[in-house]
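Engineer: First, the structure itself, so that you have it in front of you.
All of the numbers you see were taken from the coordinates with simple rules; none came from a lab. As the structure is a computational prediction, the values presented were derived from the model and not from experiment. Every residue, glycine as well, gets a Cβ built from its backbone with ideal geometry; the counts of neighbours run over all protein chains shown.
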Amino acid sequence: MFRRFHNIYPALLAVTVLTMVTACGSDDGDGPNLLPNGQQPSQQGNGLEPDEKIIAARIEVPALKPGNKFIYHSTKEGGRNVMNYCVDFDLQKRHSRWVAFRFDGDTRVKATNRSDEPFTDDPELPSTAWVGGYGFGSPYNRGHLCASYDRLYSEKANEQTFYMSNISPQESSLNQGYWITLENIVSNCGRMVSFADTLYVVKGGAIDKPEHIRGYLNRSSGQMAIPKYYFMALLRVKSRSYTSIAFWVENKRYGYTYENPAPRSEIAKNALSVDSLESLTGIDFFHNLPDNIENQVEATFNFNDWNK
């Protein structure tokens, strides 16, 4: 909940932006941002294209870092554009700073299966940031940030999760035995209408601070950062009431496998408040919320509320 000044936009622009945002995907009649009492989201992203500014104003999108490449992927569903996920990509480190998305009336449904598309470079990135879709080599897996399982609302949406902007070099034990338990918590909560009207999700590998980088991999266009830590920040809204939780886990060998994944009691040890995660990462999560709501919701967490 970093302190900041919000830009003030003319009323006409605010109305235009809200109209365009709503067109990007509904939220069971509440609109994509679910701000109470008609409050407006903050705006960010000088130099962004108009459509990118609309995406950057969504609740799930953290504050952008100057110099990074902001990209998003969407699909056409029933004649409407639905935002799949967005990425703040560090062009020098060739790794995303975070990936943000949400579960709502459009995106929580299961309409297809995992596509198992070939891993491929993101066409929205310049070729100088492409890392190649081939494997990372032992002991690393090509780990999804926005999980393939989280994007089953359409075949195209699932295919987009295999872009390398959404992939990170995770220790195989973390990817297959530990991260997967966290992913299941997120998926279960996101698809449970009784739990959340909308679940906002941010996932990533921490790369902003030198002490958070484990090393580098030689890739097709240059070196790619290997995060030493991974994180998740989750925000639930149910009947316009907000709660949040975050997780911070090390990229290491845990001894768990796909057949023997980490128990949830182990996951609970790495739960923390969003405030605490902001201090660790330097990322301002959910900053598009009004400050009074953000300050309150990011200060506390209860793992038992999310153990679904």
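Engineer: Taking 20 °C and 1.002 mPa s as the conditions, I'd like the Stokes-Einstein D for the chain in µm²/s, using the Kirkwood hydrodynamic radius from alpha carbon pairs.
Structural biologist: 110 µm²/s
Engineer: Which of the listed residues, Asn175, His95, Ile245, is farthest toward the dipole's positive end in the chain, when Lys, Arg count +1 and Asp, Glu count -1 at the beta-carbon?
Structural biologist: Asn175
Engineer: Once every Cα of segment 59-105 carries one equal point scatterer and solvent is ignored, give the base-10 log of I(q)/I(0) from the Debye formula at q = 0.34 Å⁻¹, two decimals.
Structural biologist: -1.27
Engineer: In a Gaussian network model over the chain where Cα atoms closer than 10 Å are linked, find which of Gly67, Gly143, Gly205 has the largest mean-square fluctuation.
Structural biologist: Most flexible of the set in this elastic network: Gly67.
Engineer: Quick one: what are the phi-derived ³J(HN,Hα) couplings along segment 244-257, Karplus 6.51/-1.76/1.60 with θ = phi - 60°, whole Hz, x for glycine and proline?
Structural biologist: 9, 7, 9, 9, 9, 10, 7, 7, 8, 7, 9, x, 9, 9
Engineer: Let me ask another. Once you charge only the Cβ atoms, +1 for Lys and Arg and -1 for Asp and Glu, what is the size of the charge dipole of the chain about its Cα centre, to the nearest 20 debye?
Structural biologist: 440 debye
Engineer: When ranked by the protection proxy of mean other Cβ atoms within 10 Å per residue, highest first, what sequence do the peptides 194-204, 250-260, 222-232 form?
Structural biologist: 194-204, 222-232, 250-260
Engineer: Taking springs between alpha-carbon atoms closer than 10 angstrom, which of Gly137, Gly78, Gly47 fluctuates most in the Gaussian network model of the chain?
Structural biologist: Checking each option, the largest mean-square fluctuation is seen for Gly78.
Engineer: Given a cut-off of 19 Å, name the pairs among Lys53/Lys156; Lys110/Lys203; Lys228/Lys308; Lys203/Lys252; Lys269/Lys308; Lys156/Lys203 whose C-alpha atoms lie farther apart than that in the structure shown.
Structural biologist: Beyond 19 Å between Cα atoms: Lys53/Lys156; Lys110/Lys203; Lys228/Lys308; Lys156/Lys203.
Engineer: In addition: Considering only Tyr200, Ile213, Ala129, whose Cα is most displaced toward the positive end of the charge dipole of the chain, charges sitting on Cβ of Lys, Arg (+1) and Asp, Glu (-1)?
Structural biologist: Checked the options; the winner is Ile213.
Engineer: Check Thr198: other-chain or 5+ apart residues with amide H under 5 Å from its amide H, H built from backbone geometry?
Structural biologist: Correct list: Val237.
Engineer: Same structure again: Could you sort the peptides 156-164, 240-248 by per-residue average Cβ neighbour count (10 Å cutoff), highest mean leading?
Structural biologist: Per-residue Cβ counts within 10 Å, averaged per peptide and sorted highest first, yield 156-164, 240-248.
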